[in-house]
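Taking it in order: structure first as structure tokens, then the write-up.
Values in this text are rule-based calculations from the coordinates and carry no lab data. As the structure is a prediction and not an experimental result, all values here were calculated from the model. FYI the Cβ positions are ideal-geometry reconstructions off the backbone, even for glycines, and counts take in every protein chain you see.
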Amino acid sequence: MIDVDELLDQAFLNFNKSNYDLAEIQLNQVQLIVPTHGDVLYLLGLIALRKKILTKALDLLTTAVRLYPK
């Protein structure tokens with residue numbers, strides 16, 4: 001069974017190491033289990049921003065803020 005918290009922690013570590021592709025894979029795995037996870041949407045948005053996929057970044061970040069305004 002996949003441990004969502006552990007996978008999310010690993011994704012954050014990979015993001016902080018600029019290993020965006022691996023972080024994105026891990027986040028997508030979490031998203032299969034929890035489709036509207038705020039941290040996942042936010043981090044995927046930041047990855048899209050770093051990859052200069054601006055429309056995707058805007059959509060993900062907007063959704064994250066809309067779902068979890070705090």
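Please report the equivalent ellipsoid semi-axes of the chain, computed as sqrt(5 x eigenvalue) of the Cα gyration tensor, largest first, in whole Å. If you can, show how the numbers build up before the last one.
Numbers: eigenvalues 63, 47, 17 Å².
Those come to 18, 15, 9 Å.
Label Ile25 and Asp39 with points 7 Å out from Cα along Cα→Cβ: what is the distance between them in nm?
Label at Ile25, label at Asp39, 2.1 nm between them.
Tell me, what ³J(HN,Hα) does each residue in the stretch 62-69 have, in order and in whole Hz, if you take phi through Karplus 6.51 cos²θ - 1.76 cosθ + 1.60 with θ = phi - 60° and put x for Gly and Pro?
5, 5, 4, 5, 5, 6, 9, x
On full extension of the chain, what length is gained from Lys70 through Lys56, given 0.36 nm per residue of separation minus the C-alpha to C-alpha distance?
Length gained between Lys70 and Lys56: 2.9 nm.
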